[in-house]
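Undergrad: Structure below; questions to follow.
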Amino acid sequence: MRVLSGIQPTGRFHWGNYFGAIRQYIRLQDQADEAFYFIANLHALTTVRDRAQLAQWTLDAAIDLLALGLNPERATLFVQSDVPEVSELCWLLMTCTPMGLLERCHAYKDKRARGLTADAGLFTYPVLMAADILVYDSDLVPVGEDQVQHVEVCRDLAGSFNHQFGETFVLPKANVLETSARVPGIDGGKMSKSYDNTLDVFEDPKQQRKKIMRIVTDSRPMEQPKEPQIDHLYQLYSLFVDEAKREEMAALYRRGGFGYGEVKKALADAAEQFFAESRQRRRQLESEPERVREILAGGAARARKKAAEVLQRARVNCGVGW
Ligand code: ADP
Ligand code: TRP
């Protein structure tokens with residue numbers, strides 16, 4: 001079984017990205033026969049227009065993933081654009097893609113609904129994503145809920161290509177990451193770069209502490225008992241501690257008579273401790289960018305080998321491999 005997923009370098013990773021996606025990728029590297037993870041810089045190009053920024057975020061994403069425990073001996077880590085086969089396959093798939101299918105895709109639909117103009121890159125985004133998946137004969141694609149529709153599009157395209165040109169692609173399955181890990185932001189809404197409410201994994205701890213102290217809480221009197229499960233501060237704290245500590249905090253909430261300041265402090269301590277080892281690994285990796293580039297080059301070479309094989313199959317089957 002081959003697992004594959006991609007993550008866009010559109011900013012620094014936040015707690016939502018870690019608990020919602022990255023942590024599962026790292027776990028899967030030990031469970032799957034093969035795991036391919038890539039940094040989707042071609043997709044990011046549909047939103048990031050600053051070349052220095054995009055290059056920096058791409059390298060940062062690689063360093064972050066390695067620091068958080070992605071093991072390049074177990075998983076193949078690479079940058080999307082280092083495998084040009086994917087772009088050629090994207091074209092082959094595009095010729096079999098009904099316009100209506102893409103018009104129904106939410107990234108494009110949402111942008112249009114907000115009255116914004118979309119370019120062809122955003123419109124055809126799901127086809128590139130399908131090429132990403134199909135070009136490695138991927139079996140399983142772990143993604144967040146928001147990407148399930150795109151994996152379905154990928155299955156549709158693979159199915160119709162196979163139907164027209166004979167068996168070519170493996171039909172992949174989406175593996176929806178547990179939604180229980182929907183991480184709230186500092187305003188209580190879903191944590192997202194788009195809402196400017198994030199706490200970043202590798203933020204300066206002092207600055208992060210200040211941000212945590214500013215987390216919006218409800219204004220009920222301190223003495224009143226509170227239900228922990230529906231409180232976003234408690235939900236955040238729960239991500240970082242074990243069952244016993246969680247229970248201890250929940251009991252404190254139910255008893256009442258505590259200040260949110262204490263919880264915030266406990267959260268800042270827990271988060272700092274949780275990422276301490278990764279932070280140290282990150283510092284080390286940052287000091288040896290050449291090593292990181294080597295890991296990415298090695299990953300791309302491995303990925304290209306597989307991609308070339310699948311692309312050739314597709315070329316021959318549709319008649320351009322003459
Ligand atoms: P953002 O919303 O900040 O732009 P992305 O869409 O780039 O984040 O997220 C990449 C992946 O990280 C998503 O597919 C999703 O699985 C996960 N993710 C993002 N935000 C959260 C969150 N608040 N809670 C849980 N998972 C999240
Ligand atoms: N579109 C995905 C996201 O925004 C990233 C991505 C690109 C991806 N290609 C992929 C995810 C292939 C899984 C498989 O999160």
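The values are calculated or read from the model by the stated rules, or taken from the named source; none is laboratory data. The model shown is predicted, which means the values in this text are computed figures rather than measured ones. Every residue, glycine as well, gets a Cβ built from its backbone with ideal geometry; the counts of neighbours run over all protein chains shown.
Undergrad: For segment 212-241, give me each residue that is among the aliphatic types (A, V, I, L, M), within 25 Å of the chain's Cα centre (by Cα) and either in a helix (DSSP H, G or I) or within 23 Å of residue 65 (Cβ to Cβ) (or both).
TA: In the first step, residues of segment 212-241 are kept if they are among the aliphatic types (A, V, I, L, M); the result is 212-213, 215-216, 222, 230, 233, 236, 239, 241.
Now narrow it down to the ones that are within 25 Å of the chain's Cα centre (by Cα): 212, 215, 233, 236, 239, 241.
212, 233, 236, 239, listed by residue number.
Undergrad: Within segment 86-117, how many residues turn out to be touching a residue at least 12 places away in the same chain (Cβ under 8 Å) and of a type in the set (Phe, Trp, Tyr)?
TA: 1
Undergrad: When segment 230-251 is examined, which residues are found to be free of Cβ contacts under 8 Å to residues at least 40 places away in the same chain and within 21 Å of residue 20 (Cβ to Cβ)? Give the derivation first.
TA: The first filter runs over segment 230-251 and keeps only residues free of Cβ contacts under 8 Å to residues at least 40 places away in the same chain, leaving 230-231, 233-234, 237-238, 240-251.
Passing the criteria: 230, 231, 233, 234, 237, 238, 240, 241, 242, 243, 246.
Undergrad: I've got another one for you. On the given criteria, is residue 135 within 12 Å of ligand 2 (Cβ to nearest atom), under 18 Å from the mean Cα position of the chain (by Cα) and surrounded by 14 or more Cβ atoms within 10 Å (Cβ to Cβ)? Explain how you work it out, then say what you get.
TA: Numbers: within 12 Å of ligand 2 (Cβ to nearest atom): yes; under 18 Å from the mean Cα position of the chain (by Cα): no; surrounded by 14 or more Cβ atoms within 10 Å (Cβ to Cβ): yes.
Here the answer is no, as residue 135 does not meet what is asked.
Undergrad: Any residue at all in segment 21-35 that is over 19 Å from residue 154 (Cβ atoms) and small (Gly, Ala, Ser)?
TA: no
Undergrad: Would segment 118-130 turn up any residue that is at negative phi, charged (D, E, K, R), in the same structural domain as residue 25 (by TED's automatic domain parsing) and touching a residue at least 40 places away in the same chain (Cβ under 8 Å)? Reasoning before the result, please.
TA: Restricting attention to segment 118-130, the residues satisfying the condition of being at negative phi are 118-130.
Filter once more, keeping what is charged (D, E, K, R): 119.
Remaining after also requiring in the same structural domain as residue 25 (by TED's automatic domain parsing): 119.
Now restrict to residues that are touching a residue at least 40 places away in the same chain (Cβ under 8 Å): 119.
Checked segment 118-130: at least one residue is at negative phi, charged (D, E, K, R), in the same structural domain as residue 25 (by TED's automatic domain parsing) and touching a residue at least 40 places away in the same chain (Cβ under 8 Å).
Undergrad: Criterion first (touching a Gly at 6+ places or on another chain (Cβ under 7 Å) and more than 16 Å from ligand 2 (Cβ to nearest atom)) does residue 216 satisfy it? First the steps, then the outcome.
TA: Numbers: touching a Gly at 6+ places or on another chain (Cβ under 7 Å): yes; more than 16 Å from ligand 2 (Cβ to nearest atom): yes.
For residue 216, the condition - touching a Gly at 6+ places or on another chain (Cβ under 7 Å) and more than 16 Å from ligand 2 (Cβ to nearest atom) - is met.
Undergrad: Could you pull out every one of the helices (runs of 4 or more DSSP H) wholly within segment 1-100 that has 3 or more residues that are within 24 Å of residue 182 (Cα to Cα), within 16 Å of ligand 2 (Cβ to nearest atom) and assigned by TED's automatic domain parsing to the domain that holds residue 144?
TA: On the way: elements: 23-31, 41-44, 51-67, 85-94.
Of the helices (runs of 4 or more DSSP H) lying wholly inside segment 1-100, those with at least 3 residues that are within 24 Å of residue 182 (Cα to Cα), within 16 Å of ligand 2 (Cβ to nearest atom) and assigned by TED's automatic domain parsing to the domain that holds residue 144 span 23-31, 51-67.
Undergrad: While we're on this one: Which residues, counting only those in segment 189-211, are more than 16 Å from ligand 1 (Cβ to nearest atom) and part of a helix (DSSP H, G or I)? Break it down stepwise before answering.
TA: We begin by selecting, within segment 189-211, every residue more than 16 Å from ligand 1 (Cβ to nearest atom); these are 204-210.
The answer is 205, 206, 207, 208, 209, 210.
Undergrad: I would also like to ask the following. I want to confirm something. Restricting to segment 32-61 and keeping residues that are within 24 Å of residue 137 (Cβ to Cβ) and among the aliphatic types (A, V, I, L, M), which single residue is surrounded by the most Cβ atoms within 10 Å (Cβ to Cβ)? Can you show your working first?
TA: Step one: list which residues in segment 32-61 are within 24 Å of residue 137 (Cβ to Cβ), which gives 32-43.
Cutting the leftovers down to among the aliphatic types (A, V, I, L, M) gives us 32, 35, 39-40, 42.
Working: 32: 18, 35: 24, 39: 27, 40: 22, 42: 23.
Checking each candidate, the answer is 39.
Undergrad: Can you name the residue in segment 264-299 that is touching a residue at least 24 places away in the same chain (Cβ under 8 Å) and acidic (Asp, Glu) and, of all such residues, is surrounded by the most Cβ atoms within 10 Å (Cβ to Cβ)?
TA: Residue satisfying both the conditions and the ranking: 272.
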